Amino acid sequence: MTTQSAATLRSRYVEQAASDLEENRRRQQELASKIEMLKQEEALLADILNLTERYEGFADASRLPEQLQDEPAVGRPKRAPGGGSAQAGAKGKSRLPLLGDLLTDLLGHHDEPRLAKELRDELMAKYPDRAPTPQVVRNTLESLVAKGRIQRHKQQRSVMYTLLTPGA
């Protein structure tokens, strides 16, 4: 093998290694974004499980909060292996504030009803590290409605939300 062909071969290896390293880093970033989204989804699902357990004993629809009466009943939550609920594993893992708490806080700064899209945009502007999907925001808002923390308003085809004031 000549010196020139060895240099050419080495150059190709360097190019390939640099290209592979760049692709590896891109994939790591992509996976980190997916993991963040999954963590947000996990928190939402834990909230939903908590809600279903909270209203598990309500067989009489008249005892449910007003906004839950029109919604279909939910089945019993599945248990995680080991006998605990899936929610037990979610607690304590996330150091970020819960999405529901952030949305409630944002709603508290407005007197008028807000669209889920407006709340999501405001959330992402105020917390750039949080980028929940529009569906996760809507699901979280509906979870807060079910918990009686916020109120849903329908105006034509739009659904808007306001914070419920204590004693209202």
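Every read-out reported here was derived from the displayed coordinates using simple, explicitly stated rules and does not represent laboratory data. This structure is a prediction, so every number in the text was calculated from the model and none was measured. Positions of Cβ are backbone-derived with ideal geometry, glycine not excepted, and every protein chain shown enters the neighbour counts.
Quick notes on this one:
- Computed from the Cβ-Cβ distance with R0 of 41 Å, the FRET efficiency linking Asp121 to Ser5 stands at 0.10.
- Highest average packing first - 140-151, 28-39, 113-124, Cβ atoms within 10 Å: 140-151, 113-124, 28-39
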